[in-house]
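The values are calculated or read from the model by the stated rules, or taken from the named source; none is laboratory data. All values reported here derive from a predicted model rather than from experimental measurement. Glycine also receives a Cβ, built like all others from the backbone with ideal geometry; neighbour counts cover every protein chain displayed. Side chains included, ligands, DNA and RNA excluded: accessible areas come from the protein's heavy atoms. Shrake-Rupley method; radii C 1.70, N 1.55, O 1.52, S 1.80 Å.
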Amino acid sequence: MIYSYYPGCTLKDRAKQMDIYARKCADVLGIALKELPEWQCCGAVYPAASDEIAPRLSAVRALMNTEEGKLVTMCSACHHVLKRTNFDWNRDENFRQKANNYMKPETPYDGSVEVIHFLELLRDEIGFDALKEKVVNPLTGRKIGAFYGCLLLRPGKVLAFDDPENPSIIEDFIRALGAEPVRYPYRNECCGAYVALENKACAEMQVERALNSAVAAGCEELITACPLCMYNLVENATAHKLPVSYFTELLAEALGVKEG
Amino acid sequence: MENSVKFLTETVLRISGVDPRKCMKCGKCSGTCPNYDAMEYHPHQFVSMVEKGQIEKLMNSDSIYLCLGCMACVERCPRNVAPGKLVGAVAQLKLRQQDMNRKGGNDVAAFADEIVPQQLLMAAMRKYRK
Ligand code: SF4
Ligand code: SF4
(Lines give C-alpha, C1' and ligand atoms only; values in the text may rest on other atoms or scores of the structure.)
(Ligands and ions follow the chains in the order given, each with its own letter.)
Protein backbone atom coordinates (compact mmCIF):
# COMPACT_ATOMS: atom_id res chain seq x y z
CA MET A 1 0.00 0.00 0.00
CA ILE A 2 1.37 3.40 -0.99
CA TYR A 3 0.74 6.54 1.03
CA SER A 4 1.88 10.10 0.49
CA TYR A 5 3.97 11.26 3.41
CA TYR A 6 4.53 14.70 4.89
CA PRO A 7 7.45 14.55 7.37
CA GLY A 8 7.70 18.25 8.31
CA CYS A 9 10.70 20.38 9.29
CA THR A 10 11.40 19.12 12.77
CA LEU A 11 11.50 15.52 11.58
CA LYS A 12 14.29 16.48 9.21
CA ASP A 13 16.40 17.73 12.07
CA ARG A 14 15.80 17.76 15.82
CA ALA A 15 13.32 14.90 15.69
CA LYS A 16 15.11 12.92 12.99
CA GLN A 17 14.72 9.66 14.85
CA MET A 18 10.91 9.86 14.67
CA ASP A 19 11.19 9.94 10.87
CA ILE A 20 14.01 7.41 10.49
CA TYR A 21 12.28 4.77 12.58
CA ALA A 22 8.92 5.42 10.97
CA ARG A 23 10.43 4.63 7.58
CA LYS A 24 12.15 1.48 8.85
CA CYS A 25 8.92 0.28 10.43
CA ALA A 26 6.94 1.06 7.29
CA ASP A 27 9.29 -1.21 5.33
CA VAL A 28 8.71 -4.06 7.75
CA LEU A 29 4.96 -3.51 7.62
CA GLY A 30 4.86 -3.46 3.84
CA ILE A 31 3.83 0.19 3.58
CA ALA A 32 5.40 2.62 1.14
CA LEU A 33 5.66 6.14 2.58
CA LYS A 34 6.19 8.32 -0.45
CA GLU A 35 7.49 11.69 0.67
CA LEU A 36 5.78 14.60 -1.08
CA PRO A 37 8.17 15.89 -3.75
CA GLU A 38 8.03 19.47 -2.51
CA TRP A 39 6.63 20.46 0.81
CA GLN A 40 6.93 23.55 2.95
CA CYS A 41 6.74 24.04 6.68
CA CYS A 42 3.16 23.66 7.89
CA GLY A 43 3.62 26.70 10.13
CA ALA A 44 3.57 24.65 13.36
CA VAL A 45 0.46 26.35 14.72
CA TYR A 46 -2.99 26.55 13.24
CA PRO A 47 -3.80 30.25 12.88
CA ALA A 48 -5.69 31.90 15.71
CA ALA A 49 -8.06 33.85 13.48
CA SER A 50 -10.37 32.69 10.73
CA ASP A 51 -9.36 35.52 8.36
CA GLU A 52 -5.74 34.32 8.24
CA ILE A 53 -5.40 32.79 4.79
CA ALA A 54 -1.67 32.87 4.04
CA PRO A 55 -0.59 30.78 7.06
CA ARG A 56 -2.69 27.91 5.74
CA LEU A 57 -1.42 27.96 2.15
CA SER A 58 1.51 25.62 2.65
CA ALA A 59 -0.90 23.04 4.05
CA VAL A 60 -3.17 23.52 1.03
CA ARG A 61 -0.20 23.02 -1.29
CA ALA A 62 0.68 19.79 0.49
CA LEU A 63 -2.89 18.56 0.09
CA MET A 64 -2.92 19.61 -3.55
CA ASN A 65 0.27 17.63 -4.23
CA THR A 66 -0.97 14.46 -2.58
CA GLU A 67 -1.43 11.85 -5.26
CA GLU A 68 -2.18 8.82 -3.17
CA GLY A 69 -5.53 9.84 -1.68
CA LYS A 70 -4.19 9.62 1.86
CA LEU A 71 -1.56 11.90 3.32
CA VAL A 72 0.31 10.44 6.28
CA THR A 73 1.73 12.69 8.98
CA MET A 74 4.00 11.82 11.89
CA CYS A 75 4.43 15.01 13.93
CA SER A 76 1.44 16.04 16.06
CA ALA A 77 1.73 19.66 14.96
CA CYS A 78 1.92 18.97 11.22
CA HIS A 79 -0.95 16.57 11.62
CA HIS A 80 -2.99 19.19 13.43
CA VAL A 81 -2.41 21.95 10.88
CA LEU A 82 -2.92 19.76 7.82
CA LYS A 83 -6.05 18.08 9.13
CA ARG A 84 -7.66 21.32 10.23
CA THR A 85 -6.82 23.08 6.98
CA ASN A 86 -8.31 20.19 5.05
CA PHE A 87 -11.42 20.42 7.20
CA ASP A 88 -11.67 24.17 6.51
CA TRP A 89 -11.18 23.63 2.81
CA ASN A 90 -14.24 21.46 2.62
CA ARG A 91 -16.43 23.75 4.68
CA ASP A 92 -15.30 27.34 4.32
CA GLU A 93 -16.11 28.77 0.92
CA ASN A 94 -14.50 32.10 1.77
CA PHE A 95 -11.18 30.47 2.65
CA ARG A 96 -11.24 28.31 -0.46
CA GLN A 97 -12.00 31.26 -2.74
CA LYS A 98 -9.30 33.46 -1.28
CA ALA A 99 -6.69 30.72 -1.30
CA ASN A 100 -7.49 29.89 -4.93
CA ASN A 101 -7.46 33.53 -5.94
CA TYR A 102 -4.02 33.87 -4.46
CA MET A 103 -2.48 30.62 -5.67
CA LYS A 104 -4.22 30.46 -9.06
CA PRO A 105 -3.57 26.73 -9.36
CA GLU A 106 -4.07 25.05 -12.74
CA THR A 107 -6.33 22.53 -11.07
CA PRO A 108 -7.66 23.66 -7.70
CA TYR A 109 -7.48 21.19 -4.86
CA ASP A 110 -10.69 19.16 -4.90
CA GLY A 111 -10.81 18.49 -1.17
CA SER A 112 -10.61 14.72 -1.55
CA VAL A 113 -7.43 13.95 0.37
CA GLU A 114 -7.67 12.29 3.76
CA VAL A 115 -5.05 13.36 6.28
CA ILE A 116 -4.12 10.54 8.63
CA HIS A 117 -1.62 10.23 11.40
CA PHE A 118 0.72 7.24 11.32
CA LEU A 119 -0.96 6.01 14.49
CA GLU A 120 -4.30 6.08 12.69
CA LEU A 121 -2.73 4.15 9.85
CA LEU A 122 -1.54 1.51 12.32
CA ARG A 123 -4.93 1.33 14.00
CA ASP A 124 -7.31 1.64 11.06
CA GLU A 125 -5.46 0.34 8.02
CA ILE A 126 -3.13 -2.30 9.45
CA GLY A 127 -4.93 -3.00 12.71
CA PHE A 128 -3.30 -3.45 16.09
CA ASP A 129 -3.95 -7.20 16.00
CA ALA A 130 -2.04 -7.56 12.75
CA LEU A 131 0.66 -5.27 14.12
CA LYS A 132 1.02 -7.54 17.11
CA GLU A 133 1.76 -10.44 14.77
CA LYS A 134 4.72 -8.52 13.36
CA VAL A 135 6.35 -7.93 16.72
CA VAL A 136 9.60 -9.90 17.02
CA ASN A 137 10.83 -8.27 20.18
CA PRO A 138 7.84 -7.90 22.53
CA LEU A 139 8.41 -5.20 25.13
CA THR A 140 7.26 -7.46 27.92
CA GLY A 141 7.19 -6.03 31.41
CA ARG A 142 7.70 -2.40 30.40
CA LYS A 143 5.27 0.07 31.93
CA ILE A 144 4.75 2.78 29.37
CA GLY A 145 2.60 5.90 29.50
CA ALA A 146 1.24 7.73 26.48
CA PHE A 147 1.69 11.47 26.48
CA TYR A 148 -0.98 12.65 24.04
CA GLY A 149 -0.69 16.38 24.72
CA CYS A 150 -3.13 18.69 22.93
CA LEU A 151 -2.54 18.73 19.23
CA LEU A 152 -3.47 15.15 18.36
CA LEU A 153 -6.80 15.32 20.13
CA ARG A 154 -8.30 18.81 20.10
CA PRO A 155 -10.60 20.07 18.81
CA GLY A 156 -12.06 16.57 18.89
CA LYS A 157 -14.77 17.24 16.31
CA VAL A 158 -12.24 18.31 13.68
CA LEU A 159 -9.38 15.94 14.38
CA ALA A 160 -11.63 12.92 14.98
CA PHE A 161 -8.51 11.07 16.09
CA ASP A 162 -9.83 9.51 19.27
CA ASP A 163 -12.05 10.37 22.23
CA PRO A 164 -10.41 13.67 23.22
CA GLU A 165 -11.19 13.20 26.91
CA ASN A 166 -10.46 9.51 27.23
CA PRO A 167 -8.19 8.46 24.37
CA SER A 168 -6.99 4.89 24.01
CA ILE A 169 -5.19 4.66 20.66
CA ILE A 170 -1.66 4.98 22.07
CA GLU A 171 -2.43 2.63 24.95
CA ASP A 172 -3.70 0.07 22.44
CA PHE A 173 -0.54 0.62 20.42
CA ILE A 174 1.64 0.04 23.47
CA ARG A 175 -0.28 -3.13 24.27
CA ALA A 176 0.18 -4.43 20.71
CA LEU A 177 3.94 -4.10 21.20
CA GLY A 178 3.78 -6.35 24.23
CA ALA A 179 4.28 -3.67 26.89
CA GLU A 180 1.90 -2.59 29.61
CA PRO A 181 0.16 0.72 28.94
CA VAL A 182 -0.27 2.90 32.02
CA ARG A 183 -3.08 5.45 32.04
CA TYR A 184 -2.61 8.60 34.06
CA PRO A 185 -4.79 11.67 34.46
CA TYR A 186 -2.62 14.31 32.76
CA ARG A 187 -1.86 12.38 29.60
CA ASN A 188 -4.00 14.67 27.45
CA GLU A 189 -2.96 17.98 29.01
CA CYS A 190 -0.55 20.63 27.78
CA CYS A 191 3.26 20.40 28.02
CA GLY A 192 3.65 24.19 28.15
CA ALA A 193 4.07 24.44 24.40
CA TYR A 194 5.68 27.51 22.86
CA VAL A 195 5.42 29.49 26.09
CA ALA A 196 8.60 27.64 27.12
CA LEU A 197 10.45 30.17 25.02
CA GLU A 198 9.71 33.18 27.17
CA ASN A 199 8.56 31.55 30.35
CA LYS A 200 10.52 28.46 31.34
CA ALA A 201 8.91 28.37 34.78
CA CYS A 202 5.49 28.01 33.19
CA ALA A 203 6.61 25.05 31.09
CA GLU A 204 8.27 23.50 34.14
CA MET A 205 5.02 23.75 36.05
CA GLN A 206 3.00 22.07 33.28
CA VAL A 207 5.61 19.33 32.86
CA GLU A 208 5.89 18.65 36.57
CA ARG A 209 2.13 18.27 36.79
CA ALA A 210 2.18 15.71 33.96
CA LEU A 211 5.24 13.80 35.14
CA ASN A 212 4.09 13.72 38.73
CA SER A 213 0.81 12.23 37.57
CA ALA A 214 2.59 9.71 35.30
CA VAL A 215 5.03 8.57 37.99
CA ALA A 216 2.26 8.26 40.57
CA ALA A 217 0.32 6.01 38.20
CA GLY A 218 3.36 3.77 37.73
CA CYS A 219 4.75 4.86 34.37
CA GLU A 220 8.42 4.04 33.91
CA GLU A 221 8.74 5.70 30.54
CA LEU A 222 6.65 7.83 28.19
CA ILE A 223 6.09 8.03 24.46
CA THR A 224 4.93 10.98 22.38
CA ALA A 225 4.32 11.98 18.77
CA CYS A 226 5.15 15.64 19.31
CA PRO A 227 8.67 17.13 19.19
CA LEU A 228 7.58 20.06 21.34
CA CYS A 229 6.13 17.76 24.01
CA MET A 230 9.38 15.79 23.83
CA TYR A 231 11.39 18.96 24.32
CA ASN A 232 9.39 20.18 27.28
CA LEU A 233 9.07 16.77 28.96
CA VAL A 234 12.83 16.32 28.88
CA GLU A 235 14.29 19.82 29.10
CA ASN A 236 11.75 21.29 31.49
CA ALA A 237 11.42 18.35 33.86
CA THR A 238 12.14 19.27 37.49
CA ALA A 239 11.20 17.12 40.49
CA HIS A 240 10.08 14.13 38.43
CA LYS A 241 11.84 12.79 35.38
CA LEU A 242 11.06 9.95 33.01
CA PRO A 243 12.72 8.70 29.84
CA VAL A 244 10.73 9.83 26.80
CA SER A 245 10.88 8.45 23.28
CA TYR A 246 8.97 8.92 20.06
CA PHE A 247 6.31 6.31 19.39
CA THR A 248 8.11 5.21 16.22
CA GLU A 249 11.29 4.44 18.21
CA LEU A 250 9.30 2.12 20.41
CA LEU A 251 7.70 0.54 17.36
CA ALA A 252 11.11 0.02 15.75
CA GLU A 253 12.34 -1.67 18.89
CA ALA A 254 9.43 -4.08 18.93
CA LEU A 255 9.72 -4.78 15.22
CA GLY A 256 13.42 -5.48 15.64
CA VAL A 257 14.67 -2.66 13.44
CA LYS A 258 16.20 -0.40 16.06
CA GLU A 259 19.92 -0.91 16.36
CA GLY A 260 21.74 -0.55 19.65
CA MET B 1 -5.92 57.07 16.41
CA GLU B 2 -7.96 55.19 18.94
CA ASN B 3 -9.71 52.08 17.77
CA SER B 4 -13.41 52.32 18.47
CA VAL B 5 -14.91 49.83 20.87
CA LYS B 6 -17.35 48.88 18.15
CA PHE B 7 -14.60 48.14 15.64
CA LEU B 8 -12.56 46.07 18.06
CA THR B 9 -15.51 44.09 19.32
CA GLU B 10 -16.86 43.37 15.87
CA THR B 11 -13.45 42.30 14.64
CA VAL B 12 -12.83 39.95 17.55
CA LEU B 13 -16.23 38.37 17.14
CA ARG B 14 -15.77 37.99 13.40
CA ILE B 15 -12.26 36.52 13.35
CA SER B 16 -12.83 34.24 16.35
CA GLY B 17 -16.25 33.02 15.31
CA VAL B 18 -17.19 33.05 19.00
CA ASP B 19 -20.61 34.06 20.31
CA PRO B 20 -20.06 35.12 23.95
CA ARG B 21 -23.82 35.31 24.55
CA LYS B 22 -23.95 31.51 24.57
CA CYS B 23 -21.88 31.45 27.77
CA MET B 24 -23.75 30.25 30.85
CA LYS B 25 -20.99 31.40 33.21
CA CYS B 26 -20.25 27.98 34.64
CA GLY B 27 -16.52 28.67 34.89
CA LYS B 28 -15.53 25.29 33.53
CA CYS B 29 -13.13 26.89 31.03
CA SER B 30 -11.18 28.62 33.78
CA GLY B 31 -11.37 25.54 35.96
CA THR B 32 -9.62 23.48 33.31
CA CYS B 33 -7.13 26.08 32.09
CA PRO B 34 -3.58 24.86 32.83
CA ASN B 35 -2.25 28.40 33.05
CA TYR B 36 -5.11 29.92 35.01
CA ASP B 37 -2.94 31.13 37.90
CA ALA B 38 -0.59 33.06 35.67
CA MET B 39 -3.30 34.87 33.72
CA GLU B 40 -4.50 38.28 34.86
CA TYR B 41 -7.75 37.73 32.97
CA HIS B 42 -8.98 34.17 32.99
CA PRO B 43 -10.69 32.36 30.11
CA HIS B 44 -14.23 33.02 31.39
CA GLN B 45 -13.36 36.69 31.77
CA PHE B 46 -12.29 36.90 28.14
CA VAL B 47 -15.82 35.80 27.30
CA SER B 48 -17.58 38.31 29.55
CA MET B 49 -15.21 41.17 28.79
CA VAL B 50 -15.50 40.72 25.04
CA GLU B 51 -19.26 40.73 25.46
CA LYS B 52 -18.94 44.06 27.29
CA GLY B 53 -16.60 45.45 24.65
CA GLN B 54 -13.57 45.65 26.95
CA ILE B 55 -11.20 44.50 24.23
CA GLU B 56 -8.49 47.05 24.82
CA LYS B 57 -8.01 45.95 28.41
CA LEU B 58 -7.51 42.42 27.20
CA MET B 59 -5.16 43.51 24.44
CA ASN B 60 -2.97 45.27 26.96
CA SER B 61 -2.72 42.32 29.31
CA ASP B 62 0.02 39.70 29.17
CA SER B 63 -2.75 37.14 29.51
CA ILE B 64 -2.91 36.97 25.72
CA TYR B 65 0.62 35.55 25.72
CA LEU B 66 0.07 33.24 28.67
CA CYS B 67 -2.55 31.17 26.93
CA LEU B 68 -0.82 27.96 25.87
CA GLY B 69 -3.20 27.40 22.98
CA CYS B 70 -4.00 23.99 24.46
CA MET B 71 -7.70 24.11 23.54
CA ALA B 72 -8.72 22.45 26.81
CA CYS B 73 -11.27 25.25 27.36
CA VAL B 74 -12.45 24.90 23.76
CA GLU B 75 -13.03 21.16 24.13
CA ARG B 76 -14.59 21.28 27.59
CA CYS B 77 -16.97 24.21 27.39
CA PRO B 78 -20.47 22.73 27.70
CA ARG B 79 -21.91 25.55 25.60
CA ASN B 80 -19.38 25.35 22.79
CA VAL B 81 -18.25 28.94 23.34
CA ALA B 82 -14.51 28.32 22.80
CA PRO B 83 -12.90 30.98 25.04
CA GLY B 84 -9.43 30.04 23.79
CA LYS B 85 -10.41 31.27 20.34
CA LEU B 86 -11.19 34.67 21.83
CA VAL B 87 -7.78 34.79 23.48
CA GLY B 88 -6.15 33.99 20.16
CA ALA B 89 -8.23 36.57 18.29
CA VAL B 90 -7.47 39.35 20.78
CA ALA B 91 -3.75 38.51 20.52
CA GLN B 92 -4.04 38.82 16.75
CA LEU B 93 -5.63 42.27 17.03
CA LYS B 94 -2.73 43.36 19.18
CA LEU B 95 -0.06 41.95 16.86
CA ARG B 96 -1.67 43.43 13.79
CA GLN B 97 -0.98 46.95 15.02
CA GLN B 98 2.16 48.73 13.92
CA ASP B 99 5.26 47.86 15.98
CA MET B 100 3.35 45.58 18.30
CA ASN B 101 5.32 42.40 17.76
CA ARG B 102 5.94 40.71 21.07
CA LYS B 103 9.39 39.57 19.94
CA GLY B 104 11.80 40.39 17.18
CA GLY B 105 12.77 37.64 14.76
CA ASN B 106 16.26 37.72 16.25
CA ASP B 107 14.89 37.25 19.76
CA VAL B 108 13.27 34.04 18.64
CA ALA B 109 16.34 32.95 16.68
CA ALA B 110 18.53 33.58 19.74
CA PHE B 111 16.64 30.82 21.51
CA ALA B 112 17.78 28.23 18.97
CA ASP B 113 20.37 25.76 20.22
CA GLU B 114 21.23 22.11 19.58
CA ILE B 115 18.05 20.83 21.17
CA VAL B 116 15.18 23.27 20.65
CA PRO B 117 12.88 21.82 17.98
CA GLN B 118 12.18 23.84 14.84
CA GLN B 119 8.53 23.44 15.73
CA LEU B 120 9.00 25.63 18.82
CA LEU B 121 10.78 28.40 16.93
CA MET B 122 8.18 28.40 14.19
CA ALA B 123 5.33 28.42 16.70
CA ALA B 124 6.93 31.37 18.50
CA MET B 125 7.26 33.29 15.24
CA ARG B 126 3.57 32.77 14.66
CA LYS B 127 2.47 33.55 18.19
CA TYR B 128 4.66 36.56 18.89
CA ARG B 129 4.95 38.27 15.54
CA LYS B 130 3.07 39.50 12.51
S1 SF4 C 1 -16.98 26.89 30.02
FE2 SF4 C 1 -18.15 27.88 28.38
S3 SF4 C 1 -20.16 28.30 29.26
FE4 SF4 C 1 -18.77 27.87 30.98
S5 SF4 C 1 -17.99 29.91 31.61
FE6 SF4 C 1 -16.52 29.08 30.12
S7 SF4 C 1 -17.22 29.89 28.16
FE8 SF4 C 1 -18.93 30.15 29.58
S1 SF4 D 1 -6.47 27.41 25.33
FE2 SF4 D 1 -5.52 29.00 26.59
S3 SF4 D 1 -7.20 29.83 27.80
FE4 SF4 D 1 -7.90 27.86 27.00
S5 SF4 D 1 -7.41 26.36 28.58
FE6 SF4 D 1 -5.66 26.40 27.18
S7 SF4 D 1 -4.24 27.88 28.08
FE8 SF4 D 1 -6.24 28.21 29.04
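Details
- Label-to-label distance, B:E10 versus A:Q97, with points set 7 angstrom from Cα along the beta-carbon direction: 1.9 nm.
- Per atom type, the protein assembly as shown shows carbon and sulfur on 49% of its accessible surface, probed at 1.4 Å.
- The coefficient of translational diffusion for segment A:30-173, derived via Stokes-Einstein from the alpha carbon Kirkwood radius under 10 °C and 1.306 mPa s, stands at 95 µm²/s.
- Estimated [θ] at 222 nm from DSSP helical runs (n ≥ 4, -39500 (n - 2.57)) normalised by residues in chain B, nearest 500: -14000 deg cm²/dmol
- Euclidean distance of C-alpha centroids, segment A:115-143 and segment B:18-58, integer Å: 41 Å
- Mean ellipticity per residue at 222 nm, deg cm²/dmol - from DSSP H runs of n ≥ 4 across chain A, formula -39500 (n - 2.57): -11500 deg cm²/dmol
- In this structure, the amide hydrogen of A:S168, modeled 1.01 Å from its nitrogen in the peptide plane, lies closer than 5 angstrom to those of A:D163, counting only residues at least 5 positions away or on a different chain.
- In units of the compact-protein estimate 2.2 N^0.38 Å, segment B:5-128 shows a Cα radius of gyration of 1.09.
- FRET E, pair A:K104, A:M1, Förster distance 35 Å, beta-carbon r, rounded to 0.05: 0.55
- Between B:Q98 and B:K52, residue separation times 0.36 nm minus the direct Cα-Cα distance comes to 14.0 nm.
- Drop in accessible area of at least 50 Å² in the complex versus isolated chain, residues of segment B:99-130, 1.4 Å probe: B:F111, B:I115, B:P117, B:Q118, B:Q119, B:L120, B:R126, B:K127, B:Y128
- Angstrom value of the Kirkwood radius, inverse mean 1/r, which spans all Cα pairs in the protein assembly as shown: 21.5 Å
- Total buried accessible area between A and B, probe 1.4 Å, nearest 100: 3700 Å².
- Ordering A:46-53, A:2-9, A:229-236, B:108-115 by mean Cβ neighbour count within 10 Å, with the highest value first, yields A:229-236, A:2-9, A:46-53, B:108-115.
- Annotation: amide H of A:S4 within the under-5 Å range of A:K34, A:E68, A:K70, A:V72, sequence separation 5 or more or interchain, hydrogens built in the peptide plane.
- Taking a straight Cα-Cα cut-off under 16 Å and skipping sequence neighbours fewer than 8 places away in the same chain, the aspartates and glutamates within cross-link reach of A:K24 are A:E35, A:E249, A:E253, A:E259.
- Accessible area per residue, Å², chain B with all protein chains present, probe 1.4 Å: 49 Å²
- When the listed pairs B:K57/B:K103; A:K200/A:K258; A:K98/B:K85; A:K16/A:K132 are checked against a 30 Å cut-off, the alpha-carbon distance exceeds it for A:K200/A:K258.
- By the beta carbon rule, with partners counted only under 4.7 Å, chain B holds these lone Cys residues: B:C23, B:C26, B:C33, B:C67, B:C77.
- With a 10 Å cut-off around each Cβ of A:148-157, the average count of Cβ atoms from other chains is 4.
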